[in-house]
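S.K.: Once you've had a glance at the structure underneath, I'll fire off some questions.
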Amino acid sequence: MLIQKELQNFVNYVSTQKVSDKTRKNYIAMVESFLNFVDGEVNTENVMKWIEKIRSTYKPTAWRQYFVPLRSFLQRFYPLVFSEVVEELKVPYKKANYEMISFLDFWKLYEEAEKMAKKGNEKYVLLVGLAGILGLKSGEIVELKGTDIKNGKIYVQSDNTYVDIIPPIDKWIYKYEGKDEYLISTADGNPVKPSYLALMLRGLQKKTDIKLGKPLSVEILRNVAIGKHVISQPSLPYVMDLFKYNSTKTIEDIARYMSESGDLRTILSVEVVDDIQPIVEFFSKLSIPVRKIEHAYIVSRTAYIRKGEKFSRLNTIFVVRNLDEWQKFVEKLGYETKRKPGENYFITLVGKLRVGFLEV
């Protein structure tokens, strides 16, 4: 009776937290196993016995799935016990060999996959698009069926959520809408295993000759999708919630890569003003950082430019590395560019929108 009461309290608590259904079920199962082990008697001595049991039974790589839910339970309902065992509940982390690819390299992959799709093999373009454009995980991709596609969205059953379908992958996805079949399947229509996706990507990597420290994976492609949101959304916690992460660590790593190595640094909207000084003074008084790029004063994702100054006729500015490669890519997409010899920027028209690509 005591165990059920303790467990129900935790179930009620964890149901209010922003975690996926899968994570929530794991938390509840782990806490239930702990309560059964200590027979509902939660004290420092019993918690230490449980910790020793886990340490002696499982490898350190598996401790996290037991210790993280227990930390959450103790911190919420037994703060004094938690304060005494918190150091014992720390999980040793192995430093990850972090890997990403640039946006331009991603589009090389997508272009090669689309060539294969036009010849009849659509698996590769679906895989690259679902992971690198929409940000789906391996487990979500292998489970995806046409019946999960509806009204411009993909409904992810395992997380009880959805993602919006966006170009250019939309044209390859919509043809499956409503069909009771897996988007990526074996010859007899069964779902493939995540390991099969990894083999597909290794073959695609060889075709495009993209250099990486480790084999191309769904995770690496997914980081491209996350990176796009890091670029467009100033709020890292928002991106964390969107991609169902429990902390901002991965998002911060991606943001750091974008800053240090990424070929697309940021995207700025342009606001033209008559006098720049009051703008700078206002944000400075609020202790909000203002940085200067060329004639633009940047606050968050907005470039404030004095009327008549360079770039003041632009609507949007992409700040990039490898400007020559970006110019080739934009022209390959079918847009005309304007750039004088020696200039560190080029301009293209998108309808009535004037977009500048600036290399800093």
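The values are calculated or read from the model by the stated rules, or taken from the named source; none is laboratory data. Quick caveat: nothing in here was measured; it's all calculated off a predicted structure. Note that each Cβ is placed from the backbone with ideal geometry, even for glycine, and that neighbours are counted across all protein chains shown. The area values use the complete protein model at the heavy-atom level, side chains included, leaving out ligands, DNA and RNA. Shrake-Rupley method; radii C 1.70, N 1.55, O 1.52, S 1.80 Å.
S.K.: Does Leu286 fit the bill of being farther than 24 Å from Phe357 by Cα and open to solvent by 40 Å² or more (accessible area, probe 1.4 Å)? Break it down stepwise before answering.
M.R.: Values: farther than 24 Å from Phe357 by Cα: yes; open to solvent by 40 Å² or more (accessible area, probe 1.4 Å): yes.
Criteria met by Leu286.
S.K.: Filter the range 310-337 for residues that are open to solvent by 50 Å² or more (accessible area, probe 1.4 Å) and either in contact with a strand residue (DSSP E or B) (Cβ under 8 Å, 6 or more places away or on another chain) or touching a residue at least 60 places away in the same chain (Cβ under 8 Å) (or both) and give the result. Quick ask: steps written out before the conclusion?
M.R.: Initially, the range 310-337 is screened for residues open to solvent by 50 Å² or more (accessible area, probe 1.4 Å), giving 310, 313, 315, 321-322, 324-325, 328, 331-336.
Result: Arg313, Asn315, Arg321, Asn322, Glu325, Glu331, Tyr335, Glu336.
S.K.: Check whether at least one residue in the range 43-53 is among the hydrophobic types (A, V, I, L, M, F, W, C) and closer than 27 Å to Ser158 by Cβ, and report yes or no. Break it down stepwise before answering.
M.R.: Just the residues of the range 43-53 that are among the hydrophobic types (A, V, I, L, M, F, W, C), to begin with: 47-48, 50-51.
From the residues that got through so far, the ones that are closer than 27 Å to Ser158 by Cβ too are none.
Among the residues of the range 43-53, not one is among the hydrophobic types (A, V, I, L, M, F, W, C) and closer than 27 Å to Ser158 by Cβ, which makes the answer no.
S.K.: Can you find a residue in the range 85-93 that is closer than 30 Å to Asp263 by Cα and in a loop (DSSP other than H, G, I, E, B)? Steps first, please.
M.R.: Within the range 85-93, the first condition is being closer than 30 Å to Asp263 by Cα, and the residues that meet it are 93.
Adding the requirement that they be in a loop (DSSP other than H, G, I, E, B) leaves 93.
The answer is yes; a qualifying residue exists.
S.K.: Here's a check for you: in the range 338-354, which residue that is touching a residue at least 24 places away in the same chain (Cβ under 8 Å) and open to solvent by 50 Å² or more (accessible area, probe 1.4 Å) is nearest to Val320 (Cα to Cα)?
M.R.: Of everything passing the filter in the range 338-354, Arg354 is nearest to Val320 (Cα to Cα).
S.K.: Restricting the search to the range 128-147, which residues are of a type in the set (Gly, Ala, Ser) and in a loop (DSSP other than H, G, I, E, B)?
M.R.: Of the residues in the range 128-147, the ones of a type in the set (Gly, Ala, Ser) are 129, 131-132, 135, 138-139, 146.
Selection gives Gly135 alone.
S.K.: Right, here's the next one. Only residues that are part of a strand (DSSP E or B) and farther than 24 Å from Tyr110 by Cβ: list them for the range 318-346, please. Reasoning before the result, please.
M.R.: Step one: of the range 318-346, the residues part of a strand (DSSP E or B) are 318-320, 337-338, 345-346.
Result: Lys338, Tyr345.
S.K.: Scanning the range 193-215 for residues that are of a type in the set (A, V, I, L, M, F, W, C) and modelled with pLDDT under 90, which turns out surrounded by the fewest Cβ atoms within 10 Å (Cβ to Cβ)?
M.R.: To start, the set of residues in the range 193-215 that are of a type in the set (A, V, I, L, M, F, W, C) comprises 197-201, 204, 210, 212.
Next cut, modelled with pLDDT under 90 only: 210, 212.
Numbers: Ile210: 16, Leu212: 13.
Result: Leu212.
S.K.: Would you point out the residue of the range 218-239, among those that are at pLDDT 80 or above and open to solvent by 30 Å² or more (accessible area, probe 1.4 Å), that is nearest to Arg24 (Cα to Cα)?
M.R.: The qualifying residue nearest to Arg24 (Cα to Cα) is Glu219.
S.K.: Here is a list of conditions, (1) open to solvent by 40 Å² or more (accessible area, probe 1.4 Å); (2) in a loop (DSSP other than H, G, I, E, B); (3) in contact with a helix residue (DSSP H, G or I) (Cβ under 7 Å, 6 or more places away or on another chain), and Glu99 meets all of them except one; can you say which number that is?
M.R.: Only one criterion is unmet by Glu99, namely (1).
S.K.: Separate question: Out of all the residues in the range 151-163, which are in contact with a Phe, Trp or Tyr (Cβ under 9 Å, 6 or more places away or on another chain) and surrounded by fewer than 17 Cβ atoms within 10 Å (Cβ to Cβ)? Full working, then the answer.
M.R.: Taking the range 151-163 first, the residues in contact with a Phe, Trp or Tyr (Cβ under 9 Å, 6 or more places away or on another chain) are 152-156, 161-163.
The answer is Gly152, Lys153, Tyr155, Thr161, Tyr162.
S.K.: State yes or no: is Val273 in contact with a Lys or Arg (Cβ under 8 Å, 6 or more places away or on another chain), over 23 Å from Met258 (Cβ atoms) and of a type outside the set (Asp, Glu)? Quick ask: steps written out before the conclusion?
M.R.: Values: in contact with a Lys or Arg (Cβ under 8 Å, 6 or more places away or on another chain): yes; over 23 Å from Met258 (Cβ atoms): yes; of a type outside the set (Asp, Glu): yes.
Here the answer is yes, as Val273 does meet what is asked.
S.K.: Among the residues of the range 104-127, is any closer than 29 Å to Pro60 by Cα, open to solvent by less than 70 Å² (accessible area, probe 1.4 Å) and in a loop (DSSP other than H, G, I, E, B)? Quick ask: steps written out before the conclusion?
M.R.: From the range 104-127, those closer than 29 Å to Pro60 by Cα are none; that's our starting set.
Looking for residues that are closer than 29 Å to Pro60 by Cα, open to solvent by less than 70 Å² (accessible area, probe 1.4 Å) and in a loop (DSSP other than H, G, I, E, B), one finds none in the range 104-127, hence no.
S.K.: Val273 passes all but one of (1) surrounded by 13 or more Cβ atoms within 10 Å (Cβ to Cβ); (2) touching a helix residue (DSSP H, G or I) at 6+ places or on another chain (Cβ under 9 Å); (3) farther than 25 Å from Lys352 by Cα; which number fails?
M.R.: The one condition Val273 does not meet is (3).
S.K.: Hey, among the residues in the range 276-306 that are assigned to a strand (DSSP E or B) and modelled with pLDDT under 85, which one's nearest to Val320 (Cα to Cα)? Let's see the steps before the verdict.
M.R.: At the first step, the residues of the range 276-306 found to be assigned to a strand (DSSP E or B) are 291-293, 296-299, 302-306.
Right, trim to modelled with pLDDT under 85 and you get 291-293.
Details: Arg291: 16, Lys292: 15, Ile293: 12 Å.
Restricting to residues being assigned to a strand (DSSP E or B) and modelled with pLDDT under 85, the top hit is Ile293.
Conditions tested, residue by residue: (1) over 20 Å from Thr250 (Cβ atoms); (2) touching a Gly at 6+ places or on another chain (Cβ under 7 Å); (3) polar (S, T, N, Q).
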position	(1), (2), (3)
Lys5	yes, no, no
Lys25	yes, no, no
Phe34	yes, no, no
Ile54	yes, no, no
Thr57	yes, no, yes
Phe73	yes, no, no
Phe77	yes, no, no
Glu99	no, yes, no
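S.K.: Continuing with the same structure: For Glu309, indicate whether it is in a loop (DSSP other than H, G, I, E, B) and over 23 Å from Met258 (Cβ atoms).
M.R.: Numbers: in a loop (DSSP other than H, G, I, E, B): yes; over 23 Å from Met258 (Cβ atoms): yes.
Yes, satisfied.
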